[in-house]
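Structure first, commentary second.
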Amino acid sequence: MAKQLLKGNEAFAEAAVRAGVEGFFGYPIAPSTEFLEYMSRRMPELGRAFVQAESEVAAINMVYGAACTGKRTMTASSSPGISLMSEGISYIAGTEVPAVVVNVMRGGPGLGNIAPSQGDYYQMTKGGGHGDYFPIVLAPATVQEAIDYIVLAFDLAEKYRSIVHVVVDGNIGQMMEPADLPPMREIPKGQPSWAVRGAEGREPNILTSIYIDPVEEEVTNIRLIKRWMVIEKNEIRYKEFMLEDAEIAVIGFGTAGRVASSAVRAAREEGIKVGLFRPITLAPFPKQQIVDISKRVKRILVVEMNSGMMLEDIKAQVQGRIPVEFYGRLGGMTPFPDEILDEIRRVAGNTEDVTNKEREQWLARLEARLEGEK
């Protein structure tokens, strides 16, 4: 089948439709608004539920209610909108019902701007809402990957009765690329045994995140942790590029990782032995793979569109075995391949121990770059 030229947000929405989503609830916010606009037309065409809620708070609680019925349900928003949804996300996690949340990230903190960013890494991977819970987080780098992983997100959500985040930035949401859409799935006729759907002839199901008795809450938390341990064992995803003989590993996710791949190719043409590791599951994080890489290469360069959030997770696995360096752009700025290539060249010639000084040195280089661009 020939690929189609598709716009990110619209392609992601159609992927969700074809994955069998039966309820979409959202509120417009750039750079994710086309997702909601597309769903406002497409869902009613198919006789499925679409509601533009009065706020992000309302939207996520509509997702919560619909998820309790066992139907495939989701929302899509952008950074400040996700912040407003955080309480409802925690309720969904605590109730152990499946739901999918797409975050098309933008610059911040605060209202910020509508430019692409990866500044929501902590918010997405470390929970975002309150309490002990563990969200699955998928980070595609292309329109095609986002299509594929939105479909996967629904399967994972149902398999583990978990909330699943798909995180992209404004670049991926707004760009147009050739991609394949999946076939249309049939809507399941039955419902899961735990769903609330009327209790005639049986004992009622009770779905709640309220456990007044601390003992009950602890039992619930233990169940969530055990489930997460299964997820960590079975659902790690990542991509490697030119790492077989690499002496330097560049690590980046999403757009940052995609841009870095071009820089890696250029560096290879210059004879620099460098490769790329791109995490796709930011949670569960590919910890063992990072450990293995740190035993094979001489240095690591982490590239992000934030102040070094994934950097901390990587350093925790490397544990000082080798130097870990950093390059990031902030506030909605996307690095160009030549910027990352300059960093690869610098790292290739660097013998200094940068432990605990990587951010200080990065900020100095970034400020010098910005001064030179004036």
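When you scan segment 20-27, do you find a residue that is among the hydroxyl-bearing types (Ser, Thr, Tyr), open to solvent by 10 Å² or more (accessible area, probe 1.4 Å) and either modelled with pLDDT under 95 or assigned to a helix (DSSP H, G or I) (or both), even just one? Walk me through it before giving the result.
Applying the first criterion (among the hydroxyl-bearing types (Ser, Thr, Tyr)) to segment 20-27 yields 27.
This time we only want the ones that are open to solvent by 10 Å² or more (accessible area, probe 1.4 Å), so: 27.
In the following step, the residues that additionally are either modelled with pLDDT under 95 or assigned to a helix (DSSP H, G or I) (or both) were identified as none.
No: zero hits.
When segment 166-187 is examined, which residues are found to be in a strand (DSSP E or B), among the aliphatic types (A, V, I, L, M) and open to solvent by less than 10 Å² (accessible area, probe 1.4 Å)?
Val166, Val167, Val168, Ala179, listed by residue number.
Residue check, Gly131 against (1) within 21 Å of Glu232 (Cα to Cα); (2) assigned to a loop (DSSP other than H, G, I, E, B); (3) open to solvent by less than 40 Å² (accessible area, probe 1.4 Å), all met but one. Which one?
All conditions pass for Gly131, except number (3).
Could you list all residues from segment 309-332 that are within 23 Å of Glu232 (Cα to Cα) and open to solvent by less than 20 Å² (accessible area, probe 1.4 Å)? Give the derivation first.
Initial filter on segment 309-332 (within 23 Å of Glu232 (Cα to Cα)): 309-319.
Across segment 309-332, the qualifying residues are Met310, Leu311, Ile314, Val318.
Looking at (1) among the hydrophobic types (A, V, I, L, M, F, W, C); (2) touching a residue at least 12 places away in the same chain (Cβ under 8 Å); (3) farther than 17 Å from Ile82 by Cβ; (4) surrounded by fewer than 24 Cβ atoms within 10 Å (Cβ to Cβ), can you tell me which one Ala15 breaks?
Every listed condition holds for Ala15 apart from (4).
Please enumerate the residues belonging to segment 58-93 that are within 20 Å of Val151 (Cβ to Cβ) and either among the basic types (Lys, Arg) or open to solvent by 30 Å² or more (accessible area, probe 1.4 Å) (or both).
Lys71, Arg72
Hey, among Ala249, Ala260, which residue is in a helix (DSSP H, G or I), within 22 Å of Gly349 (Cα to Cα) and open to solvent by less than 10 Å² (accessible area, probe 1.4 Å)?
Ala260 is the lone residue from the list that is in a helix (DSSP H, G or I), within 22 Å of Gly349 (Cα to Cα) and open to solvent by less than 10 Å² (accessible area, probe 1.4 Å).
So which pairs qualify, if the first residue must be in segment 262-280 and over 19 Å from Tyr238 (Cβ atoms) and free of Cβ contacts under 8 Å to residues at least 60 places away in the same chain, the second must be open to solvent by 60 Å² or more (accessible area, probe 1.4 Å) and among the charged types (D, E, K, R), the Cβ gap must be under 8 Å, and the two must be at least 6 apart or on different chains?
These pairs meet every condition: Lys273/Asp245; Lys273/Glu247.
Taking only segment 98-125 into account, find how many residues are under 13 Å from Val167 (Cβ atoms) and in a loop (DSSP other than H, G, I, E, B).
4
Would you be able to tell me the number of residues in segment 63-84 that are more than 16 Å from the chain's Cα centre (by Cα) and assigned to a helix (DSSP H, G or I)?
To start, the set of residues in segment 63-84 that are more than 16 Å from the chain's Cα centre (by Cα) comprises 63-73, 84.
Narrowing further to those that are assigned to a helix (DSSP H, G or I): 63-67, 84.
Qualifying residue count for the region: 6.
Going through segment 289-315 one residue at a time, which ones are in a helix (DSSP H, G or I) and touching a residue at least 12 places away in the same chain (Cβ under 8 Å)?
Gln289, Ile290, Val291, Ile293, Ser294, Met309, Met310, Leu311, Asp313, Ile314
The values are calculated or read from the model by the stated rules, or taken from the named source; none is laboratory data. Here the structure is a predicted model, which is why all the values come from computation and not from measurement. Positions of Cβ are backbone-derived with ideal geometry, glycine not excepted, and every protein chain shown enters the neighbour counts. Note: areas computed on protein heavy atoms with side chains; ligands, DNA, RNA excluded. Shrake-Rupley method; radii C 1.70, N 1.55, O 1.52, S 1.80 Å.
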